[in-house]
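Read the structure below first, then the notes.
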Amino acid sequence: MDVMSSYTLKKGTYLVSDPAMIIKKTMDARSLYETLWEVFYQNPKEFQQLIIENVQFLITRTAEGDGIYNGVGTDSGTIMIISVDDHIHDERLNLDLDRRGMLTLRLDEEMTVEMKRYNLYFSNSIQIITNSVDL
Amino acid sequence: MAKRTYRKRSTRGRRSVKQQIISILVLAVLAFLVYYFLPEENEVPTPSYSTYQNEEGFYYYQSVGSEDYTYDARNLIGEALMSELNTITNATKTLITYGDARYALETVDRDLTEAEKLWGAYTSTMINAVWDAGDTWDREHVWPNSRLGLDRISNTQRSIASDLHNLRAATGSINSSKSDRFFSSGSGEATITDDGGFYPGDDHRGDVARILFYMATTYEELVLTDDLELLLDETDHYTVEGARMGQLSLLIEWHKLDPVSDFEKARNERISEIQGNRNPFIDRPEFVHLIWEGKTIGDLEKPVAETSIQTHMFYVLMERRWML
């Protein structure tokens, strides 16, 4: 597990979403889902880079739990950023693009993403504000 | 002597047979009593229904006066009852904003014994009541956020997403586990289930059932279903088409197995003071049977005089004796 306030995203396609919409609700994916929360909640205030059962992603909690923040909805109170290209053959994941309630990022070049007070700031100026203090 | 001896033996023999028959009869009666009135070790425990329920868990029908807010729903069943309840729950409903719901829950979800704590959803965790920007607890949508038919929720909005009846204080961890999952069968503590659902825990299953019944009645766009294929389909989350939750038949079962609690009654009262409306399935739990189980009011009427257990046992014994 890495804990930083910002990370670099290489060129490619990413989904910004509630993990509950990415990780399928199948028996094969159950362990991934359970381990995710076990690991994440050891350090829930941090913007974490996790690799769990060969799935790598960034994850942060939202400031205010469930909601829809700049078009990204969450029932888990968390938002993940995951590379579609790196996991396209993983049957445990639903990586369909452009679904309602999530953000699809197509990056032609590297980009950084920073978390401040549970808000996500991408270097291409996209923001996901989950902390109402910053609205 | 020989004759006398023979007689004595003969007399003893006749007595012995008589005694044996009596003994067998006594043993048979005892065995019968044990069989009928003592629980077997492996027997499934009888659910602990409340005094407001019959032996099958159905809540008795309550007659109310004209001052009661459900008075206009009297004598109604099925769709007509659901429609009237929709009118009733919406007539006085004044939603607060989703932002204000954070602070309302500080009061609404207070534990009945520890006044400084909230009774956390699903885990029964005692949570510090003061809202601390999600560090300790989240606003959990029992009917998930993604299944409410909305594509936008903000702290300034008053909408279905800010209805206090559907919001519960929950620790971040359990809120994440439950996420957008439908409710599914289980026992014991809250956990995700093999079929992709979530079991809310023995002490919370009735609570969530009544919350979902309220939501499905108050908001016409919400649908309760048993269709697992539909419940697992997440392609239409955040759309009206995806505004469904379940599993309905389980909720009905849980409504009986986990009767209305004092916490729910207090919570209903507190919400009515803030939001202006009540969850009728907490005040009138029998409505569930009339709407979703095809029962009639007559089916749910409480017997005039309850037969005492002793009398009941006597009649059972007498009946069995005749049969023997």
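Take the conditions without any contact (Cβ under 8 Å) to a residue 60 or more places away in the chain, of a type outside the set (Ser, Thr, Tyr) and not in a strand (DSSP E or B) and apply them to residue B:210. Does it pass? Reasoning before the result, please.
On the way: without any contact (Cβ under 8 Å) to a residue 60 or more places away in the chain: no; of a type outside the set (Ser, Thr, Tyr): yes; not in a strand (DSSP E or B): yes.
In short, no.
Right, residue B:130: buried (at least 20 other Cβ atoms within 10 Å of the Cβ) and within 21 Å of residue B:173 (Cα to Cα) or not? The answer is no for residue B:130. Being within 17 Å of the chain's Cα centre (by Cα) and at pLDDT 95 or above is a property that holds for residue B:209.
Give me the strands (runs of 3 or more DSSP E) completely within segment A:47-135, filtered to those with at least 2 residues that are touching a residue at least 12 places away in the same chain (Cβ under 8 Å) and among the small types (Gly, Ala, Ser), ordered by residue number. Don't jump to the end; show me each part of the working.
Details: elements: A:48-52, A:55-61, A:67-69, A:72-74, A:78-83, A:103-107, A:111-116, A:119-122.
Where strands (runs of 3 or more DSSP E) fall fully within segment A:47-135, none carries at least 2 residues being touching a residue at least 12 places away in the same chain (Cβ under 8 Å) and among the small types (Gly, Ala, Ser).
One residue stands out among those in segment B:156-174 that are hydroxyl-bearing (Ser, Thr, Tyr) and assigned to a loop (DSSP other than H, G, I, E, B): the one that is farthest from the other protein chains (Cβ to nearest Cβ), which is B:159. Here the condition is being in contact with a Leu (Cβ under 7 Å, 6 or more places away or on another chain), at pLDDT 95 or above and over 21 Å from residue B:179 (Cβ atoms); of A:88, A:52, it holds for A:88 alone.
When the residues of segment B:99-134 are narrowed to those that are among the acidic types (Asp, Glu) and touching a strand residue (DSSP E or B) at 6+ places or on another chain (Cβ under 9 Å), which ends up nearest to residue A:62 (Cα to Cα)? Can you show your working first?
The initial filter retains those residues of segment B:99-134 that are among the acidic types (Asp, Glu), namely B:100, B:106, B:109, B:111, B:114, B:116, B:132.
Okay, now just the ones that are also touching a strand residue (DSSP E or B) at 6+ places or on another chain (Cβ under 9 Å), so B:106, B:109, B:111, B:114, B:116.
Working: B:106: 19, B:109: 22, B:111: 26, B:114: 28, B:116: 25 Å.
Among them, the one singled out is B:106.
Applying the set (1) more than 13 Å from every other protein chain (Cβ to nearest Cβ); (2) on the phi > 0 side of the Ramachandran plot; (3) crowded, with 21+ Cβ neighbours inside 10 Å to residue A:65 leaves exactly one unmet item: (1).
Quick check on residue B:190: is it at pLDDT below 95 and either assigned by TED's automatic domain parsing to the domain that holds residue B:89 or under 24 Å from residue B:265 (Cβ atoms) (or both)?
No, not satisfied.
Looking at segment B:214-265, which of its residues are within 23 Å of the chain's Cα centre (by Cα), exposed (fewer than 15 other Cβ atoms within 10 Å of the Cβ) and not in a helix (DSSP H, G or I)? Scanning segment B:214-265 gives B:220, B:226, B:227. Note on segment B:269-280: residues that are part of a helix (DSSP H, G or I) and either crowded, with 22+ Cβ neighbours inside 10 Å or of a type in the set (A, V, I, L, M) (or both) total 3.
Residue A:110 fulfils the conditions (1) farther than 29 Å from residue A:29 by Cα; (2) within 11 Å of another protein chain (Cβ to nearest Cβ) except for a single criterion, (2). For segment B:221-244, the criterion of being on the phi < 0 side of the Ramachandran plot, more than 14 Å from chain A (Cβ to nearest Cβ) and of a type in the set (Gly, Ala, Ser) is met by no residue.
You will find that of A:94, A:43, A:70, the residue that is within 13 Å of chain B (Cβ to nearest Cβ), among the polar types (S, T, N, Q), closer than 29 Å to residue B:100 by Cβ and more than 12 Å from the chain's Cα centre (by Cα) is A:70 and no other.
The values are calculated or read from the model by the stated rules, or taken from the named source; none is laboratory data. Treat the numbers as computed from the prediction; the structure is a model and nothing was measured. Virtual Cβ from ideal backbone geometry, glycine too; neighbours counted across all protein chains shown.
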